[in-house]
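Enquirer: Take this structure, written in structure tokens, and hold onto it; I'll ask about it next.
The values are calculated or read from the model by the stated rules, or taken from the named source; none is laboratory data. Given the structure is predicted, the values throughout are model-derived calculations rather than measurements. Cβ coordinates were reconstructed from backbone atoms using ideal geometry, including for glycine residues, and neighbour counts include every protein chain displayed.
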Amino acid sequence: MLKVGLTGGIASGKSVVGEMFVALGAHLVQADRIAHSLMQPGEAVYNEVVRHFGREILNPDGSVNRAKLAEAAFGSSSGGEPRRVSRIAELNRIVHPAVLRSQIEWMNAVGAQDPHAVAIVEAALILEAGAANQFDRMVVVTCSEEQRIARFAARQKLGHEEAVAEVQRRMAAQLPDAEKIKAADFVIDNSGSLNHTREQVRKVWQELQAAAAQLR
């Protein structure tokens, strides 16, 4: 089995690229979904997050309000509020180890079922979390800053200025694209059309399949 990390900055299009790989036959898990499941009431990660960030981040039913948690972790981006210090490193110290363990368990399960599989983990912070050594290959998705902001604004239903501030504060917790590219085996430029992205994915997939074949 070939273990592949799929990463890139916020709103670069990692999920779109991941879906394209799945359509070609890859197995894929999203670290964000793993983290979401670990933050369900009763989970150890949930308990630690609430202990550190307070019950103010919870919805009335006890579930984590992700927008409130992001506000608490990244600090305020609103010009009308005093700037709060970012606590994203504190949040990552709680969540990352459990997510990394779950990723390894998932890849091992895929490999047990299909020794010839290409197993892809989509995660924004693979390099930042020091998890690159979990993978045989690294794929980095990039796009222009203007596209990143436009996509984030559309996804979160934000105005342009608010989207700029939010993207900038989140990017501050991530390595710049130039650093991610240095660690990449493959770079997919998602700045053009979907067809252009799909063609790049197809070429990378051929290389990943060839690499997986060599491990048999």
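Enquirer: Checking Ile34 against (1) in contact with a His (Cβ under 8 Å, 6 or more places away or on another chain); (2) closer than 20 Å to Gly18 by Cβ: exactly one of these is not met. Which one?
Expert: With (1) in contact with a His (Cβ under 8 Å, 6 or more places away or on another chain); (2) closer than 20 Å to Gly18 by Cβ applied to Ile34, the lone miss is (1).
Enquirer: Would you check which residues across region 34-69 are more than 19 Å from Leu100 (Cβ to Cβ), surrounded by 13 or more Cβ atoms within 10 Å (Cβ to Cβ) and among the charged types (D, E, K, R) and list them?
Expert: Answer for region 34-69, where residues must be more than 19 Å from Leu100 (Cβ to Cβ), surrounded by 13 or more Cβ atoms within 10 Å (Cβ to Cβ) and among the charged types (D, E, K, R): Arg66, Lys68.
Enquirer: If you take the residues of region 7-32 that are polar (S, T, N, Q) and in a strand (DSSP E or B), which of them is surrounded by the most Cβ atoms within 10 Å (Cβ to Cβ)?
Expert: Within region 7-32, the match that is surrounded by the most Cβ atoms within 10 Å (Cβ to Cβ) is Thr7.
Enquirer: Determine which member of the set Glu43, Glu56 is farther than 25 Å from Ala165 by Cα and either modelled with pLDDT under 95 or not basic (Lys, Arg) (or both).
Expert: After ruling out the rest, the residue left standing is Glu43.
Enquirer: Out of (1) in contact with a helix residue (DSSP H, G or I) (Cβ under 8 Å, 6 or more places away or on another chain); (2) outside any helix (DSSP H, G or I); (3) at pLDDT 95 or above, what's the single condition that is false for Arg198?
Expert: That leaves (2) as the condition not met.
Enquirer: Here's a follow-up. Ala150 passes all but one of (1) closer than 17 Å to Lys14 by Cα; (2) without any contact (Cβ under 8 Å) to a residue 40 or more places away in the chain; (3) part of a loop (DSSP other than H, G, I, E, B); (4) aliphatic (A, V, I, L, M); which number fails?
Expert: (3)
Enquirer: Which ones in region 201-216 are assigned to a loop (DSSP other than H, G, I, E, B) and either of a type in the set (Lys, Arg) or surrounded by 18 or more Cβ atoms within 10 Å (Cβ to Cβ) (or both)?
Expert: Of everything in region 201-216, just one residue is assigned to a loop (DSSP other than H, G, I, E, B) and either of a type in the set (Lys, Arg) or surrounded by 18 or more Cβ atoms within 10 Å (Cβ to Cβ) (or both), namely Arg216.
Enquirer: Looking only at residues that are outside any helix (DSSP H, G or I) and of a type in the set (D, E, K, R) in region 87-133, which one is nearest to the chain's Cα centre (by Cα)?
Expert: In this case the residue turns out to be Glu122.
Enquirer: Would you confirm whether any residue within region 163-172 is closer than 20 Å to Ser86 by Cβ, of a type in the set (A, V, I, L, M, F, W, C) and loosely packed, with under 13 Cβ neighbours inside 10 Å?
Expert: Checked against the condition, which is being closer than 20 Å to Ser86 by Cβ, of a type in the set (A, V, I, L, M, F, W, C) and loosely packed, with under 13 Cβ neighbours inside 10 Å, region 163-172 yields at least one hit.
Enquirer: Restricting attention to region 179-195, which residues are part of a helix (DSSP H, G or I) and over 17 Å from the mean Cα position of the chain (by Cα)?
Expert: Those that are part of a helix (DSSP H, G or I) and over 17 Å from the mean Cα position of the chain (by Cα): Lys182, Leu194, Asn195.
Enquirer: Would you confirm, using the coordinates I've provided, whether Arg170 is in contact (Cβ under 8 Å) with a residue 60 or more places away in the chain, within 28 Å of Ser102 (Cβ to Cβ) and assigned to a helix (DSSP H, G or I)?
Expert: Criteria met by Arg170.
Enquirer: Please tell me if His116 is loosely packed, with under 13 Cβ neighbours inside 10 Å, within 30 Å of Lys68 (Cα to Cα) and in contact with a helix residue (DSSP H, G or I) (Cβ under 8 Å, 6 or more places away or on another chain).
Expert: For His116, the condition - loosely packed, with under 13 Cβ neighbours inside 10 Å, within 30 Å of Lys68 (Cα to Cα) and in contact with a helix residue (DSSP H, G or I) (Cβ under 8 Å, 6 or more places away or on another chain) - is not met.
Enquirer: Here's a follow-up. Does any residue in region 89-101 that is farther than 15 Å from Ala124 by Cβ come within less than 7 Å, Cβ to Cβ, of a residue that is modelled with pLDDT of 95 or more and surrounded by 12 or more Cβ atoms within 10 Å (Cβ to Cβ) six or more places away or on a different chain, and which pairs are these?
Expert: Cβ pairs passing all conditions: Glu90/His52; Ile94/Val45; Ile94/Glu48; Ile94/Val49; Ile94/His52; Ala98/Leu38; Ala98/Val45.
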